1. So, in nm, how far is label residue 145 from label residue 511 when the simple model puts each one 7 Å beyond its Cα toward the Cβ?
2. Can you list the HN-Hα couplings for segment 487-503, worked out from phi with the Karplus curve (6.51, -1.76, 1.60; θ = phi - 60°), rounded to whole Hz and with x for Gly and Pro?
3. FRET efficiency for residue 526 and residue 235, Cβ-Cβ distance as r, R0 = 51 Å, nearest 0.05?
4. Give me a comma-separated list of calculated 3J(HN,Hα) values for segment 419-436, in order, Karplus coefficients 6.51, -1.76, 1.60 applied at θ = phi - 60°, integers in Hz, x for any Gly or Pro.
5. Binning at 5 angstrom from zero up to the longest distance, how are the C-alpha pair distances of segment 242-352 distributed in percent?
6. Report relative contact order for segment 348-524 in percent, whole number only (criteria: Cα-Cα under 8 Å, sequence separation at least 6).
7. Enumerate by residue number the GluC sites (Glu not before Pro) in segment 86-176 meeting two conditions: DSSP loop (anything except H, G, I, E, B), and at most 15 other Cβ atoms within 10 Å of the site's Cβ.
8. Would you mind checking which residues have amide H under 5 Å from residue 354's amide H? H placed 1.01 Å from N; only 5 or more apart, or other chain.
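Every read-out reported here was derived from the displayed coordinates using simple, explicitly stated rules and does not represent laboratory data. Keep in mind that what you see is a predicted model, and the values were worked out from it rather than measured. No Cβ is skipped: glycine too gets one built from the backbone with ideal geometry, and neighbour counts run over all protein chains shown.
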Amino acid sequence: MSIKFDSITSELNISNATLLNWIKTDCLTADKNGFVTTKSYHYFKENVLGKNKLNKRANKQYFDKSNINFSVNKNNDANKSSVQYEQSLSIAERNKKGIYYTPNNSIDEMFFALPSLKETDTFLDPCCGTGNFLIKALEKGIKPENIYGFDVDETALKIANNRFYQATGQHSNNIKLFNLLEEKHEQKYDFIFTNPPWGYKFNLQQKINYANKFNKGIKVDSSALFVLICLDMMQKDGMLGVLLPDSFFNIASFKSVRKILLKKTLIQLINHNKPFEGLQTKAYSFIVKNNNHLTNVECRTKTSQHSRKQTDFIKNPNYIINFDATEVEAKVISHLYSYPHQTLKGKAQWGLGIVTGNNAKHLSITKKNNDKPIYKGIDIERGKIKKPQFYIFDDFSKLQQTANKKLYLADKKIVYRFINSNLIFALDNKQRYFLNSANLLILNRHTLFIEDELAITEEQLVFLMNTKIMNWLFKRLFRTHKVLRSDLEKLPIFDDFFTTHNNYCEQDLHQYLNIEEHDGTFRVKA
Ligand SMILES: C[S@@+](CC[C@H](N)C(=O)[O-])C[C@H]1O[C@@H](n2cnc3c(N)ncnc32)[C@H](O)[C@@H]1O
């Protein structure tokens, strides 16, 4: 006895490719006529499917809704369905739609901020998924009739409704299909807590629509748009808590939404580390109140707690919310920015390293005629450049991406490692070529306007960028593994130091800035 392929693909809601994959990996047996044997199919359904025995490749696309019981009734375990549903989605689909449900301990950490509740308090998760936040809100004592949950995923909503029913014995009309980005909603809520979709892959039309609709100069990114909309859905004095990727708190593209956020009273910031299984991204959350009493913000990690002034974040470049820096460290940051300084913005030409498109083809370890040495980021050390390990034919026409050749051939250029959390800078006056793990800048000289030039030498700039204090500042502000031009352009360049110090060392700079190193960090001298 055997079964046709399309009966199986439609019963399990899988693609033909997945089925072939299961046959290839011996999960199922095909007979000589090209059908699946009934025996192997029954065994597979009973013993393998949904029991995590499929190898990763075979499991990837499998999504069998029929295996998940999400009907609203008392008999199935709706909490289990929630976990099963999440596991049944492929990584690709979860990433595309930003579907990562929030683990209970992260919700507990956020709910720590809840005050004592009133009978009438309302609670919303505007993209509730299978209802993790809603169930926790019930446990906290929000009245069932005051709990609201929206989502665009019908299956997740069925599970959320079933969990709600099992927890309360009541059906809810408030947990429903609603697209927060497309539909209008006037009601305001006392508490809105959520983990919105991160990096949802919008199509071009959606991007254009949302850019026009929200038009506040903010990045068309799902998490930023959700934050913006939720800020408008709070009751006066209401509270909003949102779990977000750590990049939300520091990268330049979220600057405008951070500026809007910082107009509300920020009460808590939490570092949740890496809360999602199988995901390396770090998650932080903020909790704000819908009023404007800017005071101290409680900053928490799993093991420590400190407080920061909200005004510190407002004063930071790009409204960076660098809450892992302590109050003492924040003082050093604003102290450094209070010294006379310039920035690199508008005072240099910038260039990227070369992308060959195929290093194996274009680079060689022996030098032939017409070859020139080419250097990688790793060949740059503080203040020096190591011997080359590779050579390249001196003709850029076949390479995938290069800056204008004259930038590489400048008399004096400053080069730095690109993929790094440290600043590692060197001066190149030998017209070297660099691969894209390094970037370069050339200081403006002989321009019409003095404002377009830095009043220090290339050697002085390299010294400054390599100092411990600049590295400390760079890490404390930007917490990044990429040395981006936009971040470098925000750093203070203490040009006055060099006018008063002909010979200089790091100790002189510390003295000039009135700071001292202490326990691996810096503090302002008493
Ligand atoms: C990261 S999950 C979080 C779910 C839930 N808030 C939690 O924390 O467990 C994001 C959810 O947003 C939903 N979603 C995506 N776009 C949406 C939209 N435009 N309106 C409402 N929900 C949306 C997804 O279906 C998904 O369930």
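1. About 7.5 nm separates the two model spin labels.
2. 6, 4, 6, 9, 6, x, 9, 7, 5, 4, 4, 6, 6, 9, 10, 6, 9
3. After rounding to 0.05, the efficiency reads 0.65.
4. Result, ordered by residue: 8, 5, 9, 10, 8, 10, 10, 8, 9, 10, 10, 10, 6, 7, 8, 10, 7, 6 Hz.
5. 2, 11, 19, 22, 19, 12, 8, 5, 2, 0
6. 23 percent
7. Those that pass, being in a loop and sparsely packed, are 119.
8. Residues meeting the criterion, in which the H sits 1.01 Å from N, are 434, 435, 436.
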